[in-house]
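J.: First, the structure itself, so that you have it in front of you.
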Amino acid sequence: MITHSGFACFVGRPNAGKSTLTNALVGTKVAIASDRPQTTRHIVKGIVTTDDAQLVILDTPGVHRPRTLLGERLNQLVYDTWTEVDVIGVCLPCVQKIGPGDHYLLNQIAALPGRPTVIGLATKVDVASPTRSRQHLLSIQSVGDEIGLPFAEIIPVSALTGENVDVVQDVLTKALPEGPAYYPDGEVTDEPTETLIAELIREVALMTVHEELPHSIAVTIEEMGLREGRPEDKPLLDIFANIVVERDSQKPIILGKGATRLRDIGTEARRRISRLVGTPVYLDLRVTVMKEWQRDPKLLNRLGF
């Protein structure tokens, strides 16, 4: 019987391991993960239900110095989330020294009225030496003491290897108040299927274009539905989607020579979507230019930001 329930969020600079840790705790992919900064663009809920507790994890965008209206909106989304959760997990990767951006973030959390429980998470411990990991844990403790932000726990964790993921879950769950479950048992996210599919396509696009234009890419689902006239035992899900870029010069980068890159994106995205929905997929993928969409309020609203 569920006796405790509540909300936690992971915060940190871009590429601190927040989404990967969310997926590891939930036990399945609910948030796209990439080594490109600012991959996450909206709040993704991951739901972890045990025999006596339900933990709802809010994976947030990375806090960064905004250069566009989109960046400003994403930062504000993070700040608003902090006031709505029971516990905050601050992700500080072992492979990076604690820098000015981390200090700014921690000071903002320290100044919260009615501050929730805060834990320090030394992420990516699998790619740091034992000596470096120990030094990093001491640095997190030192910074917390310096700015008056007491960490309830400081945990070294690797979402990739699973090291201490169970410890993180236990610590987060113990910080939850008494209350009933918010979601049915077995539910792992409340993300609409269309949103999950759009994010999977964007993840594949980010992986394919590498460093060329990650922040300029958005994905919209124009139409989706099971194809009519198919036998019940041979369903086919039709998806018509657009990869959105900001400038005409970016469109050929997505297309590639002879549209080969777009075909590669579509092939891999179709495979991942089919695995997500459990149905064969027909994916019609096109490239659309929306001029400077990251800076245009109307286009941002249209794209859901």
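Bear in mind that the values in this text are calculations on the coordinates, not laboratory data. What you see is a predicted model, and the numbers here were worked out from it, not measured in a lab. Neighbour counts are summed over all protein chains in view; Cβ atoms, including those assigned to glycine, are modelled from backbone coordinates with ideal geometry.
J.: Working from Cα positions, state the angle (0 to 90°, nearest 10) between the long axis of helix 100-110 and the longest principal axis of the chain.
T.: Approximately 70 degrees, to the nearest ten.
J.: Moving to a separate point now. Which percent, nearest 5, of DSSP beta bridges in the chain are antiparallel? Walk me through the intermediate numbers first.
T.: Numbers: 15 of 43 bridges.
Here the share of antiparallel DSSP bridges comes out near 35 percent.
J.: While we're looking at this one, here's another question. At most 14 other Cβ atoms within 10 Å and a DSSP loop assignment: could you name the GluC sites (Glu not before Pro) in the range 230-287 that fit? The partial results should precede the final answer.
T.: On the way: sites: E232, E246, E268; in loops: E232, E246.
Counting only loop positions with at most 14 other Cβ atoms within 10 Å, the GluC sites (Glu not before Pro) in the range 230-287 are E232.
J.: Relative contact order for the chain using alpha-carbon pairs under 8 Å, separation at least 6, rounded to a whole percent? Intermediate values should be presented prior to the final figure.
T.: Values: 590 pairs, mean separation 55.6, N = 305.
It comes to 18 percent, rounded to a whole number.
J.: Moving to a separate point now. So what's the projected area for the range 231-305, the Cα convex hull averaged over all directions, in nm²? Can you show the working numbers first?
T.: Details: hull surface 25.1 nm².
Convex hull of Cα atoms, orientation-averaged projection: 6.3 nm².
J.: Moving to a separate point now. How large is the Rg to Rh ratio of the chain when both quantities use alpha carbon positions and Rh follows Kirkwood? Could you put the intermediate results ahead of the total?
T.: Values: Rg = 20.3 Å, Rh = 20.5 Å.
Ratio value, two decimals: 0.99.
J.: In whole Hz, with x marking every Gly and Pro, tabulate ³J(HN,Hα) for the range 13-24 from phi via Karplus 6.51 cos²θ - 1.76 cosθ + 1.60, θ = phi - 60°.
T.: Running phi through 6.51 cos²θ - 1.76 cosθ + 1.60 with θ = phi - 60° gives 5, x, 6, 8, x, 5, 5, 5, 5, 4, 4, 5 Hz.
J.: In Å³ and rounded to a whole number, note down the convex hull volume per residue for the Cα atoms of the range 4-174.
T.: Working: hull volume 17.4 nm³, N = 171.
With only Cα atoms used, the range 4-174 gives 101 Å³ per residue.
J.: Another question about this same structure. Please report, in debye to the nearest 20, how large the charge dipole of the range 193-302 is about its Cα centre when each Lys and Arg carries +1 at its beta carbon and each Asp and Glu carries -1 there. Write down the numbers at each step before the final one.
T.: Working: 18 positive and 18 negative charges, 44 e Å.
The dipole of the range 193-302 has a size of about 220 debye.
J.: I want to check the label-to-label distance for R227 and Q135. Put each point 7 Å from Cα in the C-beta direction and report it in nm to one decimal.
T.: Between R227 and Q135, the label points sit 5.8 nm apart.
J.: Compute the helix-to-body angle for 193-209: its Cα long axis versus the longest principal axis of the chain, expressed 0 to 90° and rounded to tens.
T.: 90
J.: How much length is gained on full extension from E84 to Q96, taking 0.36 nm per residue of separation minus their Cα-Cα distance?
T.: Values: separation 12, 0.36 × 12 = 4.32 nm, distance 2.85 nm.
Contour length minus Cα-Cα distance gives 1.5 nm.
J.: Something else about it: So what is Rg over Rh here for the range 120-254, counting just Cα atoms and using Kirkwood for Rh? Walk me through the numbers on the way to the answer.
T.: Numbers: Rg = 22.1 Å, Rh = 19.8 Å.
Answer for the range 120-254: 1.11.
J.: Something else: Going by alpha carbons, how many degrees (0 to 90, nearest 10) lie between the helix axis of 69-82 and the longest principal axis of the chain?
T.: Relative to the chain, helix 69-82 is tipped by roughly 40 degrees.
J.: Taking the Cα centre of the chain as origin, sum charge times position over the Cβ atoms of Lys and Arg (+1) and Asp and Glu (-1), and report the length of that vector in debye to the nearest 20.
T.: Working: 33 positive and 39 negative charges, 269 e Å.
I would put it at about 1280 debye.
J.: Let me ask something else about it. For the pair V167 and A110, what calculated FRET efficiency results from E = 1/(1 + (r/R0)^6), where r is the Cβ-Cβ distance and R0 = 22 Å, to the nearest 0.05? Could you put the intermediate results ahead of the total?
T.: On the way: r = 24 Å, r/R0 = 1.09.
So the FRET efficiency works out to roughly 0.35.
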